[in-house]
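Novice: Dropping the structure in here first, questions after.
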Amino acid sequence: MKNSSLRTVALIWAAVMIAVVSSTATLLISGRANRQTPTEENRWVSQEEYDTLQRYSRLEQVRKALLSDYYQELDEDSLLLGAIRGMTASVGDRYTFYYTPEEMTRANENDAGEYRGIGVLLQNTEEGNIEIVRVYPNTPAEAAGLRIGDVLVAVDDYEVSGLDGRTYSEAVNRIRGIDGTSVTITILRDGERLEIPVDRGVVNVDYASYQVLPGKIGYISISQFTGNASAIFHEAIERFKEQRVEGLVIDLRNNPGGLLDQAVSIADELLPTGVVVYVKERGGNRQDYYSDESMYDVPLVVLVNGMSASASEIMASAVQAFDRGTVIGTNTYGKGIVQTLRTYPEDGAGLQITTSSYFDALDRCPQGVGVQPDIEVALVGERIPDEPDPQSDNQLAAAFEELNRQIAQRSE
């Protein structure tokens, strides 16, 4: 945050924390000459605002004490940032956290699909690790030898953990940087700690890819529901129609989620009329997201694994709820909550808050339990092959077997 804005609100710290009013001038308390406790008629703020200021007065007392008595000079910007992050951390939700203006800029770059970094997709694991779930082709990460399954331990000298979203976000931000500069990525691989230097560069990422596999099977891999994923998906469907594809595999393995509207847009292409997903807020307010009657009607398999989360689970669960296709793989991650991002236009900062839970048309929420596949198939081998090949990928082979069954059933 800019120093000028922080100095403006220094005397009304608590009010800034929760935005009780829009004008700082009216937050000053006016007592009578005898210093008696302010009452309704001699107070410049409402009773609710006054009670809030009283509740947060200790925060202001601590701030003043630190600024005046700490043995070294402190930065007031850092104190305010620490207070905000302490408040979000106290919620105990790894997905609720605050973005500085700089962090918000980097997050927007990532959503757009072009950023300055190394070209990996990271995800928190249930064990509290940050794991590489995708190494994008033709990127610095691929050139340096980073692999899917590597567990991130440190970025330069900064130790990282997946236990909270804030640390995860910090790890991502530290990986990014100026083109041509180097960052040391410390990972755990097969129990061995490795330090791998990587030269940063401009990374252009396609969040989906597609091809036609033998047997006229269309294959679409979606690494994340963000950026150009939806556009590439719809392009793929048009190509598949032209080539008269007979079956379709949607590969959501290692897909950590992304944007709800992209997941709904993609699901709409495959589902008949109905509720794809609905979200429910704390007060019970519900919002439904629908698919229309038009759909690409070919036999369908969705591949998932334990790192398929959030929007991936929306997609897989909707396919099951509509009985539209078959979900194959292993139980998914289990993230059934939705985050809302609030931005602050005065400086570009942002606040991500978990605001609702989501459910499929059968009223199932995957939070903490995941989506159970229709056909459970554990991956043989350490990681998913880089190229789709049923000869080397037993989960994809299971998808081919199921699609051939569905295709034969339709032709009868």
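The values are calculated or read from the model by the stated rules, or taken from the named source; none is laboratory data. In this text the structure is predicted, and so the values were computed from the model without any measurement. Backbone-built Cβ (ideal geometry, glycine too); neighbour counts: all protein chains shown. Side chains are part of the model used for accessible areas, which takes the heavy atoms of the whole protein and leaves out ligands, DNA and RNA. Shrake-Rupley method; radii C 1.70, N 1.55, O 1.52, S 1.80 Å.
Novice: Excluding ligands, DNA and RNA, what is the solvent-accessible area per residue of the stretch 75-225 at a probe of 1.4 Å, expressed in Å²? Intermediate values should be presented prior to the final figure.
Specialist: Details: 6690 Å² over 151 residues.
I get 44 Å² per residue for the stretch 75-225.
Novice: For the full complex of protein chains and a 1.4 angstrom probe, list Thr100, Thr105 by accessible area with the highest value first.
Specialist: Thr105, Thr100
Novice: Express as a percent, rounded to the nearest 5, the fraction of DSSP beta bridges in the stretch 157-278 (both residues included) that run antiparallel. Mind showing how you got there, number by number?
Specialist: Working: 14 of 20 bridges.
If I count the DSSP bridges inside the stretch 157-278, around 70 percent turn out antiparallel.
Novice: Test of understanding: in a Gaussian network model of the chain with alpha carbons linked when under 10 Å, which of Thr354, Thr52, Thr181 would top the mean-square fluctuation ranking?
Specialist: In the Gaussian network model the winner is Thr52.
Novice: Here's another thing I want to ask about it. State the answer as a single residue: which of Gln211, Pro272, Leu66 lies farthest towards the positive end of the charge dipole of the chain, with beta carbon charges of +1 for Lys and Arg and -1 for Asp and Glu, about the Cα centre.
Specialist: Of the options given, the answer is Leu66.
Novice: Relative to the longest principal axis of the C-alpha atoms of the chain, give the angle of the C-alpha long axis of helix 165-175, reported between 0 and 90° and rounded to the nearest 10°.
Specialist: 80 degrees
Novice: With a cut-off of 8 Å between alpha carbons and a minimum separation of six or more residues, what is the relative contact order of the stretch 306-346 in percent?
Specialist: Working: 27 pairs, mean separation 20.6, N = 41.
RCO, the stretch 306-346: 50 percent.
Novice: Rolling a 1.4 Å sphere over the protein heavy atoms, what is the accessible area per residue of the stretch 301-404, to the nearest Å²? Spell out each step's value before the answer.
Specialist: Working: 4350 Å² over 104 residues.
Accessible surface, normalised per residue, equals 42 Å².
Novice: Further question: Work out from phi, with θ = phi - 60° and the Karplus expression 6.51 cos²θ - 1.76 cosθ + 1.60, the ³J(HN,Hα) of each residue of the stretch 300-307, listed in order in whole Hz, and give x for Gly and Pro.
Specialist: Coupling constants for the stretch 300-307: 9, 10, 10, 9, 9, 8, x, 9 Hz.
Novice: What ranking, highest mean first, results for peptides 118-127, 328-337, 62-71 when packing means the other Cβ atoms within 10 Å averaged over each residue?
Specialist: Working: 118-127: 19.3, 328-337: 22.2, 62-71: 11.0.
Final packing ranking: 328-337, 118-127, 62-71.
Novice: Which residue fluctuates the most in the chain, going by a Gaussian network model with Cα springs under 10 Å, if the choices are Pro214, Pro390, Pro272?
Specialist: Maximum fluctuation in the GNM of the chain, among the listed residues, is at Pro214.
Novice: Just how large is the dipole of the stretch 267-412 about the Cα centre, in debye to the nearest 20, putting +1 at every Lys and Arg Cβ and -1 at every Asp and Glu Cβ?
Specialist: Details: 10 positive and 23 negative charges, 122 e Å.
I would put it at about 580 debye.
Novice: Oh, and also: As a test of the formula, what do you get for the chain when each DSSP H run with n ≥ 4 contributes -39,500 (n - 2.57) and the sum is divided by the residue count, at 222 nm and rounded to the nearest 500 deg cm²/dmol? Each step should come with its number before you reach the end.
Specialist: Working: 12 runs with 128 residues, N = 412.
Helix-only estimate at 222 nm: -9500 deg cm²/dmol.
Novice: If one computes the Cα centroid of the stretch 58-135 and of the stretch 343-412, what distance in Å separates the two points?
Specialist: 29 Å
Novice: Moving to a separate point now. Got a number for carbon plus sulfur as a percent of the chain's accessible area, 1.4 Å probe?
Specialist: Details: 9750 of 20570 Å².
Looking at the chain in its full context, I get 47 percent from C and S.
Novice: Which of Leu122, Leu396, Pro345 sits farthest toward the positive end of the charge dipole of the chain, with +1 on the Cβ of Lys and Arg and -1 on the Cβ of Asp and Glu?
Specialist: Projecting each Cα onto the dipole axis, the largest value belongs to Pro345.
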